[in-house]
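For reference, the structure discussed in these notes is given below.
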Amino acid sequence: MKRASVTTVITFLGLLAIAGGWRHLASARVAAGGEQVIRLTAKKFEYTPNEITLKKGVPVIVEITSVDRDHGFKVPELGVRADIKPGETTRVPIVPDRVGRFEFRCDVFCGSGHEDMAGEFIVVD
Ligand code: CUA
């Protein structure tokens, strides 16, 4: 009896791992123009994921959706800014032209945690 339940747990964990793998593949799909598409979710008061690694010189499209209310998306050092609205997908093209860490943050006031709503692009060679 005990052995059976251990097997069940292992099977369940295996299925979770497979589902996680599929999700990873789905989020790394490629746009019609050949750019990699990175999906980002915005909500009070965070972006998911909030740390994204890019390769220098490789253009990407960041697809952002909000799950609650209006937010902003601003990357001052890369000259990028966009409004993020619930129920809509905002597509932001980015060409990371230099190596470094570039903060993105919300620039539409969205409540008590607005100031902390931020993340980072890490551009590597
Ligand atoms: Cu989200 Cu301010």
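Nothing in this text is a laboratory measurement; each read-out follows from the coordinates by a stated rule. All figures in this text were calculated on a predicted structure; none of them were measured in a lab. Neighbour counts run over all protein chains shown; Cβ positions are idealised from the backbone, glycine included.
Spin-label model, residue 36 to residue 69: label points 7 Å out along the Cα-to-beta-carbon direction sit 3.4 nm apart.
In summary, the aspartates and glutamates within cross-link reach of residue 43, defined as a Cα separation below 18 angstrom excluding same-chain residues under 8 places away, comprise 51, 63, 68, 70, 83, 88, 103, 107, 115, 116, 120. Looking at the range 23-124 alone, DSSP beta bridges between its own residues are antiparallel in about 65 percent of cases. Between residue 118 and residue 58, the C-beta separation translates, for a Förster distance of 25 Å, into a calculated FRET efficiency of about 0.60.
Taking the average, over residues, of other Cβ atoms within 10 Å as the packing measure, peptides 36-43, 74-81 rank 36-43, 74-81 from highest down. The stretch between residue 109 and residue 91, if pulled fully straight at 0.36 nm per residue, gains 4.4 nm over its current Cα-Cα span.
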